[in-house]
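Below is one structure, written out as structure tokens; comments come after it.
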């Protein structure tokens, strides 16, 4: 079998599993292959069992899967864990020094024990370079040209940490490559070969979203470290000086969102990035932005809760929470990108929507989307498609022409009041988190309250015009209609591909713009569907519940996952059978 | 020429007659006018409480936020618009209970905001519960037998946190307070002004008379030396029969946070026009993933 296989590299935290895996994924991408890679790690710095799973092929596929062809095990625990995932003919690679119990190994698994540590030492490397040796072995067994691995090693070590480290790793990779080729490659049936393909990016959701935010002109971002949202703050910070962004690692998430709201009040494009626990702390301030009509963007990268939950794993269980967070009623916009293209797009679009409708915009991602590395065409990061829309922001000329005191919260037909950044003598106003009048002054009058509520909520109706309808994939009529949202995209698309090979037709309604809810589009798409199956990563079927609430359509068949692991295509297929 | 009238808002204050907030309000307007600052160059940020209504009664950029959260909101303003003079108004409940954590961090990062704490040692808006600065034994609706908590010393906390400007004032003496506010607005970095303020409705102990008998200008101390942190920490602990008011500590040796932010070297980012990223830069960003 050629150019269709899955690797897994497993070891302890501290053994460089993720960085090495990501490096190998990049080598495969540079070889022209499609790649989808999923890190699986525990919430610890040392020890435990982490792994990095890479699927590579020369055809288009949509997600990871459960068949492993080559397991590269750095520890005994990794051997025990991954040997069970191997397909017949698949091989497990580990150091001959590891004492392993083979009595429970499945039939057809090949034992590729190698003197890895001896190879590393022989090449002049240190024991931490066992991970590099594993990559060399993987190339040797599959026949992948070693230069792709060498190129990544040179890029990763050469530039940052000095030539000698790069050289040592290159020696280790070459020695391991040669050894595997000489002694085991003949017996390994799964092969890889570079193919001519247009250059692709290898990227995950977090950087795609961060680049989208930069492209959207983000001027301020504050945050507090929390997996898996913090990389967004880190990535923006890395580019802050170059692109004119102030970033702030705040004292807590309450401060982070309040800083962003303060920056928004001061007329800047401002955001914060967090996960569910951090967002829990931000909830009161969400209402502040809603009430004072300050634009702010919140990137919420979900992980399993409640409370600390499973810090390094995935879930889509914050949907209902973000829709309803904070006391009272106010407009908010919720976007849930599923693909890299959508993550980038929503990264910049969120700022436009926040300023146009002067309300908080929540971009809901999750660990699976945020961290899964995948190959995409360079156009997926569509910088050319970025358009900046600051809504009803008053220009200095418009402010010059203003007569009388500025009504920041003027009653308007669509609820959107022209807004002035501070600094112009005629744009002076106060904004109160209390109910207020058109000038922004605290006001408890009942009529004013009713009119202000209606004004604010009219913005939500106006925002419907900018909501993208859910996308439908697959044939217009099909035996199965999947419904999912956000990162559910990947396993559902892949399950559809497998079902098509089995002669089963399916289509897929994928929701990305969640609030205001596209009720009509969803109802139209589901009308006449033969068998609707909703797929989401939570216990209660939150999207299915929302669809029922908003459209009256009750989706009885639901495939749900809440063990913290990403939904795989096989999980969906098993779910269909179990129904 | 800027005058106090330029800061006049059409909104009539709802504070109780005789409230200490009036004196603070007057002093703020005097200070800003005397500094020649115009209302659009100033942003008043408050939390929630009686003191926090001050921006509503003032013609200037204003942002009345959440209980305890005025400082981070103001920090956000300052970080994108360092050209604005940012002044926080909070109370002792707002600023020293829910907001105390933020105050410590604002002090240590020396962010350029003036923090005026209206300290009346009681909760006014929620009608008379004891506050973090209430004397031990204060009887109130949440401490009917007398409060057990010992009061915080906000000046000492600010100094310990690295504040570079720490002052105390008495709300009745608007002239002196205005001068302190002027010094604070011109100060490089975070400035705390703890303003002792009678609550004529709920605090029957710390009255105008009570304060009038006790406050004295700290500059009268024979060894007055506000550049000496140890001296300031000592004088900050003087409380009781005599209460020093004035600037207790000030140093200009510490750069303000916003002076050190790389992205602000080119000017306030909030004034940067927002344009799409040019193609060559976009290509460079993508190249990191190839």
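Annotations for the structure displayed:
- Subset of the range A:109-131 (residues that are out of contact with any helix residue (DSSP H, G or I) (no Cβ under 7 Å at 6 or more places or on another chain), modelled with pLDDT of 95 or more and either loosely packed, with under 15 Cβ neighbours inside 10 Å or within 24 Å of residue A:188 (Cα to Cα) (or both)): A:111, A:112, A:113, A:115, A:118
- For residue B:106, the test of being assigned to a helix (DSSP H, G or I), farther than 19 Å from residue B:29 by Cα, in contact (Cβ under 8 Å) with a residue 12 or more places away in the chain and more than 10 Å from chain A (Cβ to nearest Cβ) is failed.
- All positions within the range A:398-412 that are more than 9 Å from chain B (Cβ to nearest Cβ) and either over 37 Å from the mean Cα position of the chain (by Cα) or over 23 Å from residue A:457 (Cα atoms) (or both): A:398, A:399, A:400, A:401, A:402, A:403, A:404, A:406, A:407, A:410, A:411, A:412
- Selected residue (only one of A:440, A:423 is under 16 Å from residue A:265 (Cα atoms), surrounded by fewer than 23 Cβ atoms within 10 Å (Cβ to Cβ) and at the interface with chain B (Cβ under 10 Å from one of its Cβ atoms)): A:423
- Which numbered condition residue A:201 misses (of (1) touching a strand residue (DSSP E or B) at 6+ places or on another chain (Cβ under 7 Å); (2) buried (at least 20 other Cβ atoms within 10 Å of the Cβ); (3) closer than 23 Å to residue A:89 by Cα): (3)
- Exclusive hit being assigned to a loop (DSSP other than H, G, I, E, B) and either surrounded by fewer than 23 Cβ atoms within 10 Å (Cβ to Cβ) or at positive phi (or both), set A:321, A:330: A:330
Matching residues to (1) farther than 30 Å from residue A:377 by Cβ; (2) in a helix (DSSP H, G or I); (3) under 34 Å from the mean Cα position of the chain (by Cα); (4) in contact (Cβ under 8 Å) with a residue 24 or more places away in the chain:
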| residue | (1), (2), (3), (4) |
| --- | --- |
| A:135 | no, yes, yes, yes |
| A:138 | no, yes, yes, yes |
| A:147 | no, yes, yes, no |
| A:151 | no, yes, yes, yes |
| A:154 | no, yes, yes, no |
| A:173 | no, yes, yes, yes |
| A:179 | yes, yes, no, yes |
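- Taken together, B:125, B:159 contain a single residue that is surrounded by fewer than 24 Cβ atoms within 10 Å (Cβ to Cβ) and at pLDDT below 95, which is B:125.
- One residue stands out among those in the range A:293-318 that are more than 22 Å from residue A:18 (Cβ to Cβ) and surrounded by fewer than 24 Cβ atoms within 10 Å (Cβ to Cβ): the one that is farthest from the other protein chains (Cβ to nearest Cβ), which is A:317.
- If the condition is being at positive phi and either assigned to a helix (DSSP H, G or I) or surrounded by fewer than 15 Cβ atoms within 10 Å (Cβ to Cβ) (or both), then the range A:532-566 contributes only A:552.
- Checked against (1) more than 26 Å from residue B:26 (Cα to Cα); (2) assigned to a loop (DSSP other than H, G, I, E, B); (3) in contact (Cβ under 8 Å) with a residue 12 or more places away in the chain, residue B:133 passes all but a single condition, namely (1).
- Members of the range B:54-72 found to be farther than 21 Å from residue B:5 by Cα, in contact (Cβ under 8 Å) with a residue 24 or more places away in the chain and facing chain A (nearest Cβ under 7 Å), listed by number: B:69, B:72
- Selection count, the range A:31-48, where residues are surrounded by fewer than 22 Cβ atoms within 10 Å (Cβ to Cβ) and more than 20 Å from the chain's Cα centre (by Cα): 6
- Whichever residue in the range B:40-53 is part of a helix (DSSP H, G or I) and within 10 Å of chain A (Cβ to nearest Cβ) and, among such residues, is farthest from residue B:112 (Cα to Cα): B:53
- Per the listing A:519, A:500, A:462, A:523, the residue uniquely on the phi < 0 side of the Ramachandran plot and either without any contact (Cβ under 8 Å) to a residue 12 or more places away in the chain or buried (at least 20 other Cβ atoms within 10 Å of the Cβ) (or both) is A:500.
- Residue A:267 being under 30 Å from residue A:432 (Cα atoms), within 14 Å of chain B (Cβ to nearest Cβ) and in a loop (DSSP other than H, G, I, E, B): yes
- For the range A:484-514, the candidate set comprises residues that are out of contact with any helix residue (DSSP H, G or I) (no Cβ under 6 Å at 6 or more places or on another chain) and part of a strand (DSSP E or B); within that set, the residue that is nearest to residue A:577 (Cα to Cα) is A:507.
- Set B:278, B:262, B:244: member being within 30 Å of residue B:85 (Cβ to Cβ) and surrounded by fewer than 16 Cβ atoms within 10 Å (Cβ to Cβ): B:262
- Residue under evaluation residue A:428, criteria (1) in contact (Cβ under 8 Å) with a residue 24 or more places away in the chain; (2) surrounded by 15 or more Cβ atoms within 10 Å (Cβ to Cβ); (3) farther than 30 Å from residue A:508 by Cβ, criterion not met: (1)
- Within the range A:184-198, not a single residue is within 29 Å of residue A:382 (Cα to Cα), within 8 Å of another protein chain (Cβ to nearest Cβ) and touching a helix residue (DSSP H, G or I) at 6+ places or on another chain (Cβ under 8 Å).
- Scanning the range A:270-289 for residues that are within 12 Å of another protein chain (Cβ to nearest Cβ) and either crowded, with 24+ Cβ neighbours inside 10 Å or assigned to a loop (DSSP other than H, G, I, E, B) (or both) yields A:270, A:271, A:272, A:282, A:285, A:288, A:289.
- Residues located in the range A:225-241, provided they are closer than 13 Å to residue A:274 by Cα and either touching a strand residue (DSSP E or B) at 6+ places or on another chain (Cβ under 6 Å) or surrounded by 24 or more Cβ atoms within 10 Å (Cβ to Cβ) (or both): A:226, A:228, A:229, A:232, A:233
- Test: residue in the range A:290-306 that is in a loop (DSSP other than H, G, I, E, B) and without any contact (Cβ under 8 Å) to a residue 12 or more places away in the chain: yes
- Qualifying residue in the range A:238-248 (condition: over 18 Å from the mean Cα position of the chain (by Cα), within 26 Å of residue A:42 (Cα to Cα) and free of Cβ contacts under 8 Å to residues at least 12 places away in the same chain): yes
The values are calculated or read from the model by the stated rules, or taken from the named source; none is laboratory data. As the structure is a prediction and not an experimental result, all values here were calculated from the model. Counting neighbours? That spans all protein chains shown, and the Cβs are built from the backbone with ideal geometry, glycine included.
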